[in-house]
Amino acid sequence: MDQLRRLVDANAQRNQASVRFRPSTWRPWLEPHGAGHVLGIGKEATNGRHGDRELDRHDVTALRSRAGDDPAGLRDLFVAVMIWGSGTTNGRGPRYTSAALADTRLEDVLRDTRASVRNGNLEAAYTRFTVNGVGRSFFTKWFAAVDDRAPDANRALILDDRVFRSLNALGWSSREAAGVSHWPTRYAVYVNTMHTWARELEVTAEWLEWLLFDRNGRVSAEAP
């Protein structure tokens, strides 16, 4: 906790930036599934190649509010999450998103996991999410995107390889903390632990998650 506090204090003035994405790269993979319209999300990028757009966590949250319970809206939200999670650095993102959109299980999985997340049953959501092309790094982004519970709830967080590297560098093991190797349980324990730490450090759990992602295993107190 002392090391984590020093890391938080050193980065206290930093915040998550927007993610830049390239609609022209995504369009061939999305349009065959009738999802090309999602590429209008966000705003025109201020740097990068002409036509690039920027998307941030608030844009995804706004789309969640518009989606409601409509299956098509939930699918659009899922696509936005995949775009936001991929940016311009994950060249496999468009292909994986196309594979998920072609999976006949997708609509039911999105509906069921959203319901589990909103009920606070993150283990059930983790167990249920089985869709072609989507692994933990991205389906936990989906969980975070659809969790609209009150701010005092232990809302879902993203758990990807970068966050894991930082947790491991801090000496924290999800397996040891959970006492089991069962991944759904380990994910739920991770979320609860992060919220406990965030309350002690007087930051939001979402910001702490982003910081661990940003540091990618480099957990010395110095800000980049």
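Brief remarks follow.
- Net length available on complete extension from residue 58 to residue 13 is 14.3 nm, with 0.36 nm assigned per residue and the Cα-Cα distance removed.
- Rg and Dmax [Cα atoms of the chain; Å; Rg one decimal, Dmax integer]: 17.3, 51
- Net charge of Cβ neighbours under 11 Å - reference residue 148; Lys, Arg +1; Asp, Glu -1: +4
- To the nearest 10, the accessible area of residue 136 is 50 Å² with a 1.4 Å probe.
- With θ taken as phi - 60° and the Karplus curve 6.51 cos²θ - 1.76 cosθ + 1.60 applied, the whole-hertz 3J(HN,Hα) list for segment 38-55 is 5, 5, x, 5, x, 9, 5, 6, 8, 9, x, 6, 4, x, 5, 10, 10, 9 Hz, x standing for glycine and proline.
- Dipole magnitude for segment 115-217: about 300 debye, using +1 per Lys or Arg Cβ and -1 per Asp or Glu Cβ, origin at the Cα centre.
- Across the protein chains, with a 1.4 Å probe defining accessible surface, the residues 209, 107 rank 107, 209 from largest area downward.
- Dipole size of segment 1-112 about its Cα centre, with +1 on Lys/Arg Cβ and -1 on Asp/Glu Cβ: approximately 420 debye, rounded to the nearest 20.
- 15 Å beta-carbon shell around residue 95, net charge (K/R +1, D/E -1): +1
- Whole-percent carbon and sulfur share, accessible surface of segment 128-193, 1.4 Å: 44 percent
- Residues of segment 132-146 with an amide N closer than 15 Å to a point placed 7 Å from the Cα of residue 92 along the Cα-to-Cβ direction: 132-139.
- What the Cα atoms of segment 7-76 give is an Rg and a Dmax of 15.0, 47 Å.
- Accessible surface, the chain, averaged per residue in Å² (probe 1.4 Å): 48 Å²
- Averaging the Cα positions of each part gives two centres, and for segment 155-224 and segment 78-150 these lie 19 Å apart.
The values are calculated or read from the model by the stated rules, or taken from the named source; none is laboratory data. Quick caveat: nothing in here was measured; it's all calculated off a predicted structure. All Cβ positions, glycine included, derive from the backbone under ideal geometry; neighbour counts span all protein chains shown. We work out accessible area using only protein heavy atoms, side chains counted, and drop any ligands, DNA or RNA first. Shrake-Rupley method; radii C 1.70, N 1.55, O 1.52, S 1.80 Å.
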